[in-house]
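One structure below.
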Amino acid sequence: MRLLPTLATALVLSSSTFSSASPEPHGAVPSPRQLAWQRMELYAFVHFGLNTYTNREWGYGDEDPKLFNPSSFDARAIVRHFKEAGMKGVIVTAKHHDGFCLWPTETTGHNISKSPWKGGKGDVIRDFADACKAEDFKLGIYVSPWDRNHAEYAREGYVETFHKQVLEVLTNYGPVFEIWFDGANGGDGSYGGARERRTIPPNYYRFSDLVEKIRKVQPECVVWGGGGDARWGGSEQGHVAYPHWHTMDSKRGGNGATGVPHGDTWMPAEGDTSIRPGWFWHAHEDSKVKSGGKLLDVWFDSVGRGANLILNVPPNRDGRIAEPDVRSLMEFKRLRDELLATDFARGAKTVGPAPDPKHSARALVDGDIETFWCPGSSDEAPAAAIGLPVSATFDVVRIREQIRLGQRVDSFALDVWEDGGWNEIHQGKTIGNQVLVRLPQAVTTDRVRLRVTKSVAPPCISEISLLKMPELPVDPKIAAMFEGEMPKTGWKIVAKTFGNAEVCIDGDPNTLWNTHPLSGELPPPQGFTIDLGREIRIEALTYLPRQDGVAHGMTDRYRFELSGDGETWRTAAEGEFANVRANPIRQVVPLAEPSAARFVRFTGLHAVEKNHITAAEVGVIPAR
Ligand code: FUL
């Protein structure tokens, strides 16, 4: 049992000039309101309203309130689904851009009291508030600043109305955990019958006054948008960027997807997306609900980078969550549960410098996100090692910083003990609220080491978890599409002429590489190089054309090259993809004879339409 001495000697200890004082907060830190919100991680969005009945995404503002008449709306049933899916709250569109209010507001006649539902006595927000109370669930509210119905929109008169609407929903329905101010402002609308385009002057909504009013009535409510407490994650796919910062710069702003390293303002991000292609329910999208596995990917790319995820699950015309959405939500929950069920690091032995014993490395594995390890100094890459009682196999590592003290870490590395020495398996950037590192392949070891390679102040790390990915159910339609191909785990794009060629090796037929940036088309030849991670005897190569019904950039002349070292290349196949425009199925290119290679280069030499190249996937069929 020489575990601890071995761990200790294997550590690169940091400088001996430790201060023993407990760490102080560094730079911007979260307010209690923001902290409580960041701990929620995952909650639902509900887009419901006249658009549900008109089949639109943005109502024009002249829709008839009589259209809103759900036959069996049941807020309690909806909230129960969300709760069962492990979500922590729900944000409801009380008013979308069409101006129709789902509560009987005094501010406009364009509201639910004009709908036949419950004889004009209905109140969707009340029903959600009651359901949340009964289920001990959190309620949030979306009120669109842009109002395509209001005659005074873009004029002074509307701003007061908008503020009143916000205060109505924040005073009459109990505690609201988040209020959502959409940034969308399209311009045209019906505006009390005027049917024209209206633009708003800067600072039109007077958000700073509004935020002050909100603080008075609901001091704990997080204001999303409007310069309040939280920011947009930068895409409606739910993803945020990595490295990912919870801070922004009060003077220069910054990109919401990434945040600003060590910025002066704590303004954490929320990734938003819908379980369906649209935000409102449309019958034709019942077959396009994201699978549990796809939702897990979105969660990795938002929550797994430190942001919150708001997942929209829109009720149908009956006022219910449709079956396919419920199934996906439950599958998503099962996959998260399986991933988090066993943390191999929990209770392991730990070694690491800690001048203040209150912040010893043991905190890393105690399952308590409040306690944390602090090495006292950020010099010389402080490290902590974890010794497991028995070897474990894991492929996901979760690390959390104690964000109460700020976001400090710029970069870190992970090592595992293999054949008598530490072997680096990952280099990461930010940690923040949490980072979920997906390793390219599972590792088996009994010792893991975290090195904080750059940090603006002594790192304060609250947890490390070693986890194993659940088996992901394969969608039979997609499996058939890639029949015979090897899995793409551990593959890397190591060179490309342009763009996000990585999506061609993500196994998702619906993501698209495109050499057509806004600045103009990039003509063929265009291509990229894949590192397969190890040498493979290849029997055939594949190209999947884009699957979205558009022919732009679809390749009809191609070249595939192979290499053992990424330097010396040989052409393995060159030729024509016949009939891809009319029938964009996977193109399989058999090699004259099986050939061993570690690197594959694909080049599109010509497109059937337009002068750029697109591809959904490129794959390898190994020799048997
Ligand atoms: C966007 C809106 O325009 C969409 O309709 C939707 O509400 C989404 C959450 O935000 O900006």
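The values are calculated or read from the model by the stated rules, or taken from the named source; none is laboratory data. In this text, all values refer to a predicted model and were calculated from it rather than measured experimentally. Quick reminder, even Gly has a Cβ in these numbers, built from the backbone with ideal geometry, and neighbours come from all protein chains shown. Please note that ligands, DNA and RNA were not included when accessible areas were found on the heavy atoms of the full protein model with its side chains. Shrake-Rupley method; radii C 1.70, N 1.55, O 1.52, S 1.80 Å.
Assorted remarks:
- You will find that of T107, T161, T93, the residue that is in the same structural domain as D209 (by TED's automatic domain parsing), outside any helix (DSSP H, G or I) and farther than 29 Å from S328 by Cα is T107 and no other.
- Pair list, Cβ under 7 Å, 6 or more apart: the range 569-588 residue at pLDDT 95 or above and in a strand (DSSP E or B), other residue open to solvent by less than 80 Å² (accessible area, probe 1.4 Å) and small (G, A, S): A572/S595; V588/A540
- One residue alone among E84, E57, E106 is surrounded by fewer than 21 Cβ atoms within 10 Å (Cβ to Cβ), at pLDDT 95 or above and within 13 Å of the ligand (Cβ to nearest atom), and that residue is E57.
- Scanning the range 145-166 for residues that are surrounded by fewer than 21 Cβ atoms within 10 Å (Cβ to Cβ) and of a type in the set (S, T, N, Q) yields one hit, T161.
- Picking from residues in the range 276-302 that are away from the ligand (no atom under 16 Å from the Cβ) and of a type in the set (A, V, I, L, M, F, W, C), the one that is most open to solvent (accessible area, probe 1.4 Å) is A283.
- Some residue of the range 346-354 being open to solvent by less than 10 Å² (accessible area, probe 1.4 Å), touching a Pro at 6+ places or on another chain (Cβ under 8 Å) and either under 30 Å from L50 (Cα atoms) or not hydrophobic (A, V, I, L, M, F, W, C) (or both): no
- Residue ID - farthest from the chain's Cα centre (by Cα), chosen from residues in the range 72-102 that are among the charged types (D, E, K, R) and within 13 Å of I125 (Cα to Cα): D74
- Restricting attention to the range 309-324 and to residues that are within 15 Å of E84 (Cα to Cα) and over 18 Å from the mean Cα position of the chain (by Cα), the residue that is surrounded by the most Cβ atoms within 10 Å (Cβ to Cβ) turns out to be I321.
- Inter-residue pairs, beta-carbon under 6 Å, first closer than 20 Å to Y142 by Cβ and in the range 300-321, second charged (D, E, K, R) and outside any helix (DSSP H, G or I), 6+ apart: N308/E41; N308/E270; I310/E270; I310/D272
- Lone unmet requirement of (1) open to solvent by 60 Å² or more (accessible area, probe 1.4 Å); (2) at pLDDT below 95 for R206: (2)
- Residue check for I425: in the same structural domain as V448 (by TED's automatic domain parsing) and crowded, with 21+ Cβ neighbours inside 10 Å: no
- Number of the condition not met by S411 [criteria: (1) crowded, with 17+ Cβ neighbours inside 10 Å; (2) part of a strand (DSSP E or B); (3) of a type in the set (S, T, N, Q)]: (1)
- Residue check for E212: over 15 Å from H163 (Cβ atoms) and open to solvent by 60 Å² or more (accessible area, probe 1.4 Å): no
- Candidates K88, K118 - the one that is among the basic types (K, R) and at negative phi: K88
- Pair list, Cβ under 7 Å, 6 or more apart: the range 29-47 residue closer than 21 Å to F181 by Cβ and assigned by TED's automatic domain parsing to the domain that holds G306, other residue aromatic (F, W, Y) and within 16 Å of the ligand (Cβ to nearest atom): H47/W279; H47/F280
- Selection within the range 184-197: residues that are assigned to a loop (DSSP other than H, G, I, E, B) and more than 16 Å from the ligand (Cβ to nearest atom). The member of this set that is least open to solvent (accessible area, probe 1.4 Å) is S190.
Yes or no, residue by residue, for (1) over 29 Å from E24 (Cβ atoms); (2) surrounded by fewer than 20 Cβ atoms within 10 Å (Cβ to Cβ):
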{"residue": "T430", "(1), (2)": "no, no"}
{"residue": "Q434", "(1), (2)": "no, no"}
{"residue": "P440", "(1), (2)": "yes, yes"}
{"residue": "R447", "(1), (2)": "yes, no"}
{"residue": "A457", "(1), (2)": "no, yes"}
{"residue": "S462", "(1), (2)": "no, no"}
{"residue": "L467", "(1), (2)": "yes, no"}
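- Selection count where residues are under 15 Å from the mean Cα position of the chain (by Cα) and either open to solvent by 20 Å² or more (accessible area, probe 1.4 Å) or within 16 Å of the ligand (Cβ to nearest atom) (or both), scope the range 231-275: 23
Listed here are the residues, each with its yes/no results for (1) closer than 21 Å to P104 by Cβ; (2) touching a helix residue (DSSP H, G or I) at 6+ places or on another chain (Cβ under 7 Å); (3) among the charged types (D, E, K, R); (4) free of Cβ contacts under 8 Å to residues at least 60 places away in the same chain.
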{"position": "W146", "(1), (2), (3), (4)": "no, no, no, yes"}
{"position": "V166", "(1), (2), (3), (4)": "yes, yes, no, yes"}
{"position": "T171", "(1), (2), (3), (4)": "yes, yes, no, yes"}
{"position": "Y191", "(1), (2), (3), (4)": "no, no, no, no"}
{"position": "R206", "(1), (2), (3), (4)": "no, yes, yes, yes"}
{"position": "E212", "(1), (2), (3), (4)": "no, no, yes, yes"}
{"position": "Q218", "(1), (2), (3), (4)": "yes, yes, no, yes"}
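- Where strands (runs of 3 or more DSSP E) fall wholly inside the range 469-563, the ranges with 2 or more residues that are outside the structural domain of V437 (by TED's automatic domain parsing), more than 30 Å from L439 (Cβ to Cβ) and touching a residue at least 24 places away in the same chain (Cβ under 8 Å) are 552-563.
- In the range 265-280, the residues that are assigned by TED's automatic domain parsing to the domain that holds N316 and basic (K, R) form Cβ pairs under 8 Å with partners that are near the ligand (Cβ under 10 Å from one of its atoms) and in a strand (DSSP E or B), at six or more places apart or across chains, as follows: R276/N312.
- From the options R56, R76, residue that is assigned to a loop (DSSP other than H, G, I, E, B) and among the basic types (K, R): R56
- Candidates F128, F181 - the one that is at negative phi, away from the ligand (no atom under 16 Å from the Cβ) and not polar (S, T, N, Q): F128
- Selection status of A480, surrounded by fewer than 19 Cβ atoms within 10 Å (Cβ to Cβ) and small (G, A, S): yes
- Test: residue in the range 153-165 that is farther than 21 Å from V90 by Cβ, among the hydroxyl-bearing types (S, T, Y) and within 16 Å of the ligand (Cβ to nearest atom): yes
- Residue in the range 596-613 that is touching a Pro at 6+ places or on another chain (Cβ under 7 Å) and of a type in the set (D, E, K, R) present: no
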